[in-house]
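The values are calculated or read from the model by the stated rules, or taken from the named source; none is laboratory data. Here the structure is a predicted model, which means the values were calculated and not measured. Please note: Cβ atoms are built from the backbone with ideal geometry, for glycine as well, and neighbour counts cover all protein chains shown. Just the protein is used for accessible areas: all its heavy atoms, side chains included, with ligands, DNA and RNA removed. Shrake-Rupley method; radii C 1.70, N 1.55, O 1.52, S 1.80 Å.
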Amino acid sequence: MQIKKVGVVGCGQMGAGIVQTCAQSGYEVVASEINEDLLQKGLAGIKKILDKNVEKGKMAKADADATLARIKGTTNMNDFSGCDLVIEAAVEKMPLKKQIFADLDKICPKHAILATNTSCLSIIEIASATKRPSQVVGLHFFNPVPIMKIVEIVRTIATNDETMEASKKFSLSLNKEIVIAKDTPGFLVNLLLIPYLYQAITTLQNGVASREDIDAAIRLGLNHPMGPLTLADFIGLDTVLFIGQAIYEEWKDPRYVPPTLLKQMVISGWYGKKSGKGFYDYK
């Protein structure tokens, strides 16, 4: 099948990035939010990024204007009725995602693919809310979406070959590299990432080294673009905690038990860069 029109459920940080990336790649995009205030905030964020790209000479103004013209904002789910692919980028709550997919299943054309951007939740469970589980797939983007070059395509036991091929072709059209993962907790990237982040946090918690030295050791010693504590702040400490807990609940693997320090920081509302405070102060 050919994907021409894309829908994105959610216009927050991840959703807006997916909207921008799809529109820049030439797709007509329908972006939804639960209310007009959140929708306008998300769309304004996209425009701000495009304006900066023009200002820095990374994009022609005509291309930025054309990108914005391809985006339609809505608070009405029925506007997804003409989409060939809808990507859900709502908060990581299973009941909410299942409700969204049940609604999309009724609204979207029979041929449409329904994808979720979840970072760790069971995709087959999300798919069970629909009558088209063979057309449900994981398309896990990474933040910031317009810059990060990878998409995890997650196949469930029910996802058919046509859906996989269309998902691959679509992801490549966004100028992304793709990796294929099974529908297991954490998929591929987070399966490997979370124990690494937890070890770094435990190292800080145990007083082995300072936050700056932990980050510098990895950044300079292993040539990573940023250290693990900076990366955790960037991802969001609440997200890092949630993913680890979700994987642990499934497998009971001690590598995914969240460090005490991480839990305390999240309880305190220290979510990292997005809240202004995490391992570092961003205010």
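What the table shows:
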quantity	calculated
Check on Lys283, open to solvent by 70 Å² or more (accessible area, probe 1.4 Å), more than 15 Å from Ala200 (Cα to Cα) and part of a helix (DSSP H, G or I)	no
Sole residue being basic (Lys, Arg) and crowded, with 16+ Cβ neighbours inside 10 Å, chosen from Lys97, Lys106, Lys41, Lys61	Lys97
All positions within region 101-123 that are part of a loop (DSSP other than H, G, I, E, B) and within 19 Å of Val30 (Cβ to Cβ)	Cys108, Pro109, Lys110, His111, Ala112, Asn117
Neighbours by Cβ (under 6 Å, 6+ apart or cross-chain): first from region 156-181, closer than 16 Å to Asp84 by Cα; second at pLDDT 95 or above and in a loop (DSSP other than H, G, I, E, B)	Phe170/Ile3; Ser173/Ser25; Leu174/Ser25
Considering residues of region 124-142 that are in a loop (DSSP other than H, G, I, E, B) and free of Cβ contacts under 8 Å to residues at least 40 places away in the same chain only, the residue farthest from Phe187 (Cα to Cα)	Lys131
Count of region 1-33 residues which are surrounded by fewer than 17 Cβ atoms within 10 Å (Cβ to Cβ), small (Gly, Ala, Ser) and out of contact with any helix residue (DSSP H, G or I) (no Cβ under 7 Å at 6 or more places or on another chain)	1
Selected residue [touching an Asp or Glu at 6+ places or on another chain (Cβ under 9 Å), within 30 Å of Ser275 (Cα to Cα) and either in contact (Cβ under 8 Å) with a residue 24 or more places away in the chain or not hydrophobic (A, V, I, L, M, F, W, C) (or both)] from Pro258, Pro228, Pro254	Pro228
Any hit, region 193-214, residues being open to solvent by less than 40 Å² (accessible area, probe 1.4 Å) and of a type in the set (D, E, K, R)	no
Count - residues of region 24-75 that are of a type in the set (Val, Ile, Thr) and in contact (Cβ under 8 Å) with a residue 60 or more places away in the chain	1
Scope region 143-155; condition surrounded by 15 or more Cβ atoms within 10 Å (Cβ to Cβ) and free of Cβ contacts under 8 Å to residues at least 60 places away in the same chain; matching residues	Val151, Glu152, Ile153, Val154, Arg155
